[in-house]
Amino acid sequence: QVQLVESGGGLVQAGGSLRLSCAASEGTFSSYTMGWFRQAPGKERAFVATISWSGVYTYYAASVKGRFTISRDNAKNTVYLQMNSLKPEDTAVYYCAADRTAPAVRAEDYYYWGQGTQVTVSS
């Protein structure tokens, strides 16, 4: 059983930056693909970024590519999402997810989920 705990959300002005963290309880964290998703009010959960177990492979949603960076530190059982040049449309609850799958963009491909952290970008 993998437990995921996100942190780092908050309120930021447009153009600002935030760094989200997701700490995993599982000692075999390094074997899991990790993903970030977000859900805005009234919308479905949407893919943001994914990273392979080694950190070599990353993939981003078109809406965040060039602004967000996903990374991981397997020694700390933690995955990060650096978010720069934030826009009001980035406002959402951000979730991290884990699975022993290959890097994936569908929420249904991930088994373990965190509780989410709120990111609010003001204009």
| Once you list every other residue whose beta carbon is under 13 Å from the beta carbon of Leu4, what net charge do they have if Lys and Arg are +1 and Asp and Glu are -1? | -2
| request: Provide the per-residue ³J(HN,Hα) series for the stretch 30-35, in order, calculated from phi with Karplus coefficients 6.51, -1.76, 1.60 and θ = phi - 60°, each as a whole number of Hz, with x at glycine and proline positions. | output: 5, 9, 9, 6, 10, x
| field | Karplus-derived HN-Hα couplings along the stretch 102-114 (A = 6.51, B = -1.76, C = 1.60, θ = phi - 60°), whole Hz, x at Gly and Pro | value | 6, x, 9, 10, 8, 4, 5, 7, 10, 9, 9, 9, x
| query | Quick one: length gained pulling Thr120 to Lys87 fully straight, 0.36 nm per residue minus the C-alpha distance? | reply | 11.0 nm
| For the chain, what's the relative contact order in percent, using C-alpha pairs closer than 8 Å and at least 6 residues apart? | 36 percent
| Computed over the stretch 45-106, the ratio Rg/Rh where both radii use C-alpha atoms and Rh is Kirkwood | 0.94
| said: Give the lysines reachable from Lys65 as a straight Cα distance under 21 Å; neighbours fewer than 8 places away on the same chain don't count. | reply: Lys43, Lys87
| query | Over the Cα atoms of the stretch 3-109, Rg to Rh with Kirkwood Rh, two decimal places? | reply | 0.94
| Formal net charge of residues neighbouring Ala92 (Cβ-Cβ distance under 13 Å; K, R +1; D, E -1) | 0
| message | If DNA, RNA and ligands are ignored and the probe is 1.4 Å, what is the ranking of Phe47, Phe29 by accessible area, most exposed first? | response | Phe47, Phe29
| said: Taking the solvent-accessible surface of protein heavy atoms with a 1.4 Å probe, what is the per residue accessible area of the chain in Å²? | reply: 50 Å²
| message | Place a point 7 Å from the Cα of Leu11 along the Cα-to-Cβ direction; which residues of the stretch 77-112 have their backbone N under 19 Å from it? | response | 86-94
| request: Keeping the other protein chains in place, figure out the carbon and sulfur percent of the accessible area of the chain, with a 1.4 Å probe. | output: 49 percent
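The values are calculated or read from the model by the stated rules, or taken from the named source; none is laboratory data. Note that the coordinates shown come from a computational prediction; the quantities given were computed from them, not determined experimentally. Please note: Cβ atoms are built from the backbone with ideal geometry, for glycine as well, and neighbour counts cover all protein chains shown. These accessible areas exclude ligands, DNA and RNA; they are computed on the full protein's heavy atoms, side chains included. Shrake-Rupley method; radii C 1.70, N 1.55, O 1.52, S 1.80 Å.
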